[in-house]
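Colleague: I have a structure here, written as structure tokens, and I will follow up with some questions on it.
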Amino acid sequence: MTARHVRTLLLFAGLAVAADALIIVHGKLAPNYPLLAYVTGWIVLGLCLYLTAFNARKKIPFLPFVGARHWLNVHIYGGLLAAVICILHVRARWPSGGLQLWLCWLFIAVTWSGIFGWWLSRAMPGRLSTLGGEVIYERVPLVLRRLRDRAEAISVATVEPAGAATLAEFYTHELSPHFAAPADFWAHVTGSRRPLKVKLQRLTDRRRYLTTIELKAADELADLLRQKDQLDAQRAGQLLLKAWLFVHIPLTYAMLIFTAVHVVVVYAFSGGAR
Amino acid sequence: MSEAITATDRPKRWSVPFSTEMDDAAVSRVLGHVPFNAMQPENFSRASPLRELVRNDMRLRQYRAGEIIVREGDYGTSAFFVMSGKAEVVLSPDLPTRVLGRRDAPSRGLWRSFAQLWSNAREDEVLRDRDAQGADSAEPRIILQDVPQILDRHRTATLTTGDFFGEIAALSRMPRTATIFARTDGTELLEIRWQGLRDIMRGDPALRAHINRIYRERALSTFLREIPFLRHLGPEAHAEVAAATQFETYGDYDWSGDYKKLAQSGEDIVTREPVVAAEGDYPNGVVLVRAGFARVTQRFGAGHRTLNYLGAGQIYGLDEIAHQWRKPGQPVSLQTTLRVIGYTHLLIIPTAVIHRVVLPSLPTRELPPLLPEIESGPAAETRVEAPVSRLSADRMDFLTENRFFNGTKSMVIDMERCTRCDDCVRACAATHDNNPRFLRSGPIQGNIMVANACMHCADPVCMIGCPTGAIHRDSFEGEVVINPVTCIGCGVCANQCPYNSIRIVETRDASGEILVASDAKPILKATKCDLCLDQLGGPACVRACPHDALARVNLNTLDEFVDWLHR
């Protein structure tokens, strides 16, 4: 067990203790303090604003704030704590009003998208690292074009010396669409090797009709297919790592807008309860 | 993006001279002085004639009595020649830091840091006025307060008219080895930029021989004082060791070209490195690395595996020699092979001197331990320092084959933690006027990537050949930085860098227009990581990484790297 694992365990233990303490204190105070929901509500809102500030911190890296890794830790464990307090705030009941229901769904979506992103950011880098063929995401089109150009050149170059167009036609009909664009996103996200196996099998099936010259080129095409598959897998993994934030962040802002309306409505229609 | 073009003068080597005060009279006065009056102008190239070297790469400076000229530990890129007066070298003990007037490295204030939010350029690579660092920029002058007391309490040596000093830092890209101050009022020194000194030495063999000789002598005496196992020696024994020590230099001063060719050839690099001492041979002496690097290898199967690499101050062979001395009946051979990498200075103290003078002076507790079970085969792996043994042989080979040991602030990325979010790149751009100064790509071994970011090398070969000295070491911490004003965009540094860490870019003016010279070609500049020297809080890339995947570590010693790997 590494030092990091120990730290994670300690943080989880701390979070569990804090959550337990909050639940106990809340249970004791709730019957006597009807306005406790206001307190828990403002605490959740404060926490959410602080958690949202993580994105702002990324935009101003030149200020001597504490490192982003500490911010992320606070973001993760603070977010989980906010979820616990939110449950206390709604008294573990499903809200009844339309606005509250939307707000509740948004909070759940933000929390779970965050947990998913957290899991993804821990699981996916290791898989990408094992895959090999590391490439910067923005360079994927460039690498793809190079692969396509090589594949085309290899298949076309066989026609004249081999006196046959079997491989070239196979490339045109079967492989060129695959080399034309990124492919098999979901297969790569789930770690499936099936698309590559299918394509390699089709190429293998065609080998019996190829001349000696074409066979050599077919081996090179098979190698390019593997490289293309590796590139697609890198792209899919990196895209997923970027894309989840496009869910988490807009949902967060939507939730904050709904929260603002919720606060106004609560204070406008509290009927002197506060 | 703007496409407009602005014609301007292309910067040249001496567009920014070392000093604007070197008029004809001053140049003539220097050229009339020994040893410059004996130099043959025809021996100098047309591109760098002697007179222009003096005019542009030298400056005359006057010092008051007690004024510090150079400080021990500072990085300097110039040497000095005493024109008149006297200067005093503090040999030992070192002067306390409080009298040396050290100050913190200058950095942006909080407000200027925050202002980057809106003041960064919209176009890339805009050359700003604030980038200017004139050669004559004001330098603080520090006067020692009680010179007689310093002379009384410290061992010193006097430099007089005609003496050179500062050549070690200027030529070896290492820190100043001693503090030197002016002894008399009006001491006049000729300060020579390192690229000027290099050209003068090329044109004048006598001066080259003289500088090389004093460099070897001073480097030897300075270095031997710092070796831990020699500290128990008395003055006489010390002198005996110094007299017997051989000073050897391996490799080319400009080693990066050879290395690049070798790496591209695909040959087994390790077998092409010069062997200083071979596994199985009799140990002829203790080898001390003065500068540069050496690789410790051991036979493994049909090849050689890297056990360790040694940097400045590290030693090789003492264990075997000490074992022989303690167990005279059990002769042992060297357990590993020592190969030099790049441009390396070694000192070799012969075995006989170690046996007769050094080992008897050591207290028993400081003697190296006996080698375990020599007969059962090389046991070097178990003797390698603990932090190194925590690295796999593959990783050691990776670091050595790629010469990464040279980096003092290498950017290492844990690819099993890195989410490829590029927050590090964006942070770098945000702190450098919207221009990222590194690429998040580079050689990978296992889960570790060494990114193409300036490593601020112990031996920055990028500085070799820079015609203007634009790429230089910062005097405070020794970071390698580029002065955009004096950079002429020739690309020599980028070609020299073995790590692909320097980029040559087209520049723009404040309005975003591309700067073009009168020959219609764009004005280029070299750019690279400056380690956020002027930013609050240190390197933005490290602070911006949310996943603790990126670090700047010293690969010279490995301890920091190993700690980070096992964090």
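What follows is calculated from the coordinates using simple rules that are stated; it is not laboratory data. Only a predicted model underlies this, so the values are computations on that prediction, with no experimental measurement involved. As a convention, Cβ positions derive from the backbone with ideal geometry for all residues, glycine included, and neighbour counts pool all protein chains shown.
Colleague: Given H placed 1.01 Å from N in the peptide plane, which residues other than close sequence neighbours of B:Ile341 have an amide H under 5 Å from its amide H?
Modeller: So B:Ile341 has HN proximity to B:Phe293, B:Ala294, B:Arg295.
Colleague: Arrange B:Met39, A:Met1 by Cβ neighbour counts within 10 Å, fewest through most, would you?
Modeller: Taking fewest neighbouring Cβ atoms as first place, the list is A:Met1, B:Met39.
Colleague: Continuing with the same structure: PRE reach from B:Lys12 (point 7 Å along Cα→Cβ): which of segment B:463-483 fall under 14 Å by backbone N?
Modeller: Counting only backbone N, you get B:468.
Colleague: To the nearest 0.05, what FRET efficiency results for B:His33 and B:Asp474 with a Förster distance of 30 Å applied to their C-beta separation?
Modeller: Here the calculated transfer efficiency is 0.45.
Colleague: Sticking with this structure for a sec: Could you list which residues have their amide H under 5 Å from that of B:Val286, counting only those 5 or more apart in sequence or on another chain, with H placed in the peptide plane?
Modeller: B:Ile349, B:Thr351
Colleague: Using Cα-Cα distances under 8 Å and only pairs 6 or more residues apart, what relative contact order does chain B have, in percent?
Modeller: Reported relative contact order: 20 percent.
Colleague: Charges at C-beta only: +1 for Lys and Arg, -1 for Asp and Glu. How large is the resulting dipole of segment A:137-240 about its Cα centre, in Debye rounded to 20?
Modeller: In total the dipole reaches around 320 debye.
Colleague: Positive end of the charge dipole of chain A (Lys, Arg +1 and Asp, Glu -1 on Cβ, about the Cα centre): tell me which of A:Thr166, A:Ile257, A:Thr212 has its Cα farthest that way.
Modeller: Going by the Cα projections, it comes out as A:Ile257.
Colleague: Applying a 10 Å radius around every beta-carbon, put B:351-360, B:458-467 in order of their mean neighbour count, most first.
Modeller: B:458-467, B:351-360
Colleague: Next question, about the same structure. Across peptide A:185-197, how many C-beta atoms of other chains are within 10 Å of each residue C-beta, on average?
Modeller: Working: counts 0, 0, 0, 0, 0, 0, 0, 0, 0, 0, 0, 0, 0.
Neighbouring Cβ atoms belonging to other protein chains average 0 per residue here.
Colleague: Under a point-charge model restricted to the Cβ atoms of Lys and Arg (+1) and Asp and Glu (-1), what is the dipole moment magnitude of the protein assembly as shown relative to its Cα centre, in debye to the nearest 20? Mind showing how you got there, number by number?
Modeller: Details: 96 positive and 88 negative charges, 490 e Å.
The calculated dipole for the protein assembly as shown is roughly 2360 debye.
Colleague: So, one more: Kindly state, to the nearest 0.05, the FRET efficiency for A:Ser176 paired with B:Trp111, given R0 = 51 Å and r defined as their beta-carbon distance.
Modeller: 0.30
Colleague: Let me test this: with uniform point scatterers at the alpha carbons of segment B:226-294, what is the Debye-based log₁₀ I(q)/I(0) at q = 0.15, 0.17 1/Å?
Modeller: The calculated log intensity ratios at q = 0.15, 0.17 Å⁻¹ are -0.71, -0.84.
Colleague: Modelled label-to-label distance, A:Val266 and A:Arg207, 7 Å Cα→beta-carbon offset: nm?
Modeller: Output for this residue pair reads 6.9 nm.
Colleague: Return the tail of the calculated pair distribution for segment B:446-567, meaning the percent of Cα-Cα pairs more than 22 Å apart.
Modeller: On the way: 3245 of 7381 pairs.
Cα-Cα pairs in segment B:446-567 separated by more than 22 Å: 44 percent.
Colleague: Right, something else. Calculate, in nm to one decimal, what B:Gln145 and B:Asn120 gain on full extension: separation in residues at 0.36 nm each, minus their alpha carbon distance.
Modeller: 4.6 nm
Colleague: Calculate the radius of gyration of the Cα atoms of segment A:235-274 to one decimal place, then report Dmax, the largest Cα-Cα distance, as a whole number, both in Å.
Modeller: Reported Rg and Dmax, both Å: 17.3, 56.
Colleague: Counting alpha carbon pairs within less than 8 Å and at least 6 residues apart, what relative contact order, in whole percent, applies to chain A?
Modeller: With pairs under 8 Å counted, the relative contact order is 24 percent.
Colleague: Set Lys and Arg Cβ to +1 and Asp and Glu Cβ to -1, take the dipole of the protein assembly as shown about its Cα centre, and tell me which of A:Ala236, B:Phe223, A:Ala157 lies farthest positive.
Modeller: Of A:Ala236, B:Phe223, A:Ala157, it is A:Ala236.
Colleague: While we're here: With each pseudo-label sitting 7 Å past Cα toward Cβ, what's the A:Ser96-A:Ala13 distance in nm, one decimal?
Modeller: 4.4
Colleague: Another question about this same structure. Of all the Cα-Cα pairs you can form in segment A:137-240, what percent are over 22 Å apart?
Modeller: Here the tail beyond 22 Å accounts for 30 percent of pairs.
Colleague: Kindly provide the helix-only [θ] at 222 nm of the protein assembly as shown, computed as the sum of -39,500 (n - 2.57) over DSSP H runs of four or more divided by all residues, to the nearest 500 deg cm²/dmol? Present the calculation step by step, with values, prior to reporting the outcome.
Modeller: Values: 30 runs with 363 residues, N = 841.
My calculation for the protein assembly as shown gives -13500 deg cm²/dmol from helical runs alone.
Colleague: Find which of B:Pro522, B:Pro539, B:Tyr499 sits farthest along the positive direction of the dipole of segment B:493-567, computed with +1 on the beta-carbon of Lys and Arg, -1 on that of Asp and Glu, about the Cα centre.
Modeller: Checking the options against the dipole of segment B:493-567, the answer is B:Pro522.
Colleague: Just to confirm the number: angle between the C-alpha axis of helix A:245-268 and the first principal axis of chain A, 0 to 90 degrees, nearest 10?
Modeller: 20
Colleague: Same structure again: Given +1 on the Cβ of Lys and Arg, -1 on the Cβ of Asp and Glu, and no further charges, what dipole in debye does segment B:453-550 carry about its Cα centre, rounded to the nearest 20?
Modeller: It comes to approximately 180 debye.
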